[in-house]
1. Of [x] 26.3; [y] 29.0; [z] 25.5, which is the value of Kirkwood radius over Cα pairs in Å derived from the coordinates here?
2. For segment 228-262 and segment 28-86, what is the separation of their C-alpha centers, rounded to whole Å?
3. Relative contact order of segment 1-137: what whole-number percent is it, with Cα pairs under 8 angstrom and at least 6 residues apart?
4. How much of the DSSP beta bridge set in the chain is antiparallel, as a percent to the nearest 5?
5. With n ≥ 4 as the cut-off for DSSP H runs, can you work out [θ] at 222 nm for the chain, using -39500 (n - 2.57) per run divided by the number of residues, rounded to the nearest 500?
6. Roughly how many nanometres apart are two label points built 7 Å out from the Cα toward the Cβ at residue 210 and residue 498?
7. Evaluate the relative contact order of segment 119-236 (contact order divided by residue number), counting alpha-carbon pairs under 8 angstrom at least 6 apart; express in whole percent.
8. What is the extension gain from residue 613 to residue 278, computed as 0.36 nm multiplied by their sequence separation minus the C-alpha to C-alpha distance, in nm to one decimal?
């Protein structure tokens, strides 16, 4: 199942505040502080920002109100209300209250009905962590429509009263950097029918805290890391912590160069994995705190021979300010609203977080509902129908390899609908015996999977070294998968001894024999077609099957772990496969081999499932 961003909204409190007005709004700037202000503003490039403060520096709105206003903007743009949501994921550096969680407070103010809520904490990258969670739940089929909001009300930390007439340069750096605002997106399982949507191809977040000290912090004493007895909660009172300077937001500015370099390395790792093709990116939306950070990235990319066209790079830092977790969604909303995205274009969201070095990335593709197929691999929960449709041969012999594979997948789906066990699952009449038989037979075929992938790797020549490396990595990831099936089988009342002693059914024998035969050929590039079908089942069907078996049979998570795991893990595998299929390596001859192999594997895989009723 796919997930789509169908709307975006933003909210910026009050009128824009120019550089000459900041000191009056935040108050308390002496001669030294003013020198720091001018120097920091000259470097960060921000000309305007918004504060939820009035002219006297009094707070005018809660953080939760900022979030709800952005959510209303997104819902209104989509023509929906809060009652249409069944999940809310929030991100902020600090909510209005210490307890309860920010998501609960936002939900309480937003209203609607019962829904799942998630509070993602952190700093800037928490917004993409919240997006990742929402996308995963929609893809899994657990949630129909989710809202994600990033919101910050930093100005309360920046007023003169916090500084007690002092504060070091690291604290003043953020004082002239941060501002208030909120951005929100809606995530749905289908593209909206009336205008283009943004398909979420993947989301990745990674922490490098294991190798880096705290960079942006509040609530601790001096030193690179907190110590027992020296946090703000240990000071006896909040006033004592404030007096000790613990309540100032500080940024170790000396670490920002290392942050930029680490972010670039993570970007390059995604490119090596085939998830990013810099030459094909149409838009890059990057959150950063200062234009100096952007310049480092541009210089590093250029020195690596991967210079990026600055016309494809978007940031509204200068006009909207640095709104932390809200920034990336505020930028996305502006780009979308002003017509920068067109169907077929790709968008990369990039968010470095200095807290303790966390990075978030998301890859989106602008799609139109009229041309976005129900997809080669993005398939919804099995539909209930009275009788299976007839299979029609739809695979074209010409066109792009992606179009030809999409047609193979369509034919495969039609055939799966006719498989008795899948038909019973769709109707809600599947039994525990059906599920155990499925696991029993899958185990025998899956146990061979890593072996034929390894054989294929050994038969790739040096000219296909990248494919050999990918195959070796894939075999390493999957060589224990059959053990997961065994655990599910045992959890459903089956015998480990029986499933390990089991034999392949006729379809499994045919499929396994074909895979080993094909993997034994020189440069077996056609096996990419087999991966398209098998990984497509994982990313397009497994989650829905797991959810349906749970619903129909009342199973626990530990009884459907194999299907549920592959519903998530195969998204990554499939994204890498798609990148290879789109590469110049797939010439006409390779495309023919890939499509032929996909068609054969699809037929044999369906035969394997058909044979479940013949044992």
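Rule-based calculations on the coordinates, nothing more; no lab input. The model shown is predicted, which means the values in this text are computed figures rather than measured ones. In this analysis, Cβ positions are derived from the backbone assuming ideal geometry, glycine residues included, and neighbour counts consider all displayed protein chains.
1. Label [x] holds the value from this structure.
2. Computed from Cα coordinates, the inter-centre distance equals 22 Å.
3. Taking the mean separation of contacting Cα pairs over the length of segment 1-137, I get 25 percent.
4. So the antiparallel bridges in the chain amount to around 70 percent.
5. So the helix-based figure for the chain works out to -14500 deg cm²/dmol.
6. Computed distance between label sites residue 210 and residue 498 equals 4.1 nm.
7. 25
8. Answer, rounded to one decimal: 115.7 nm.
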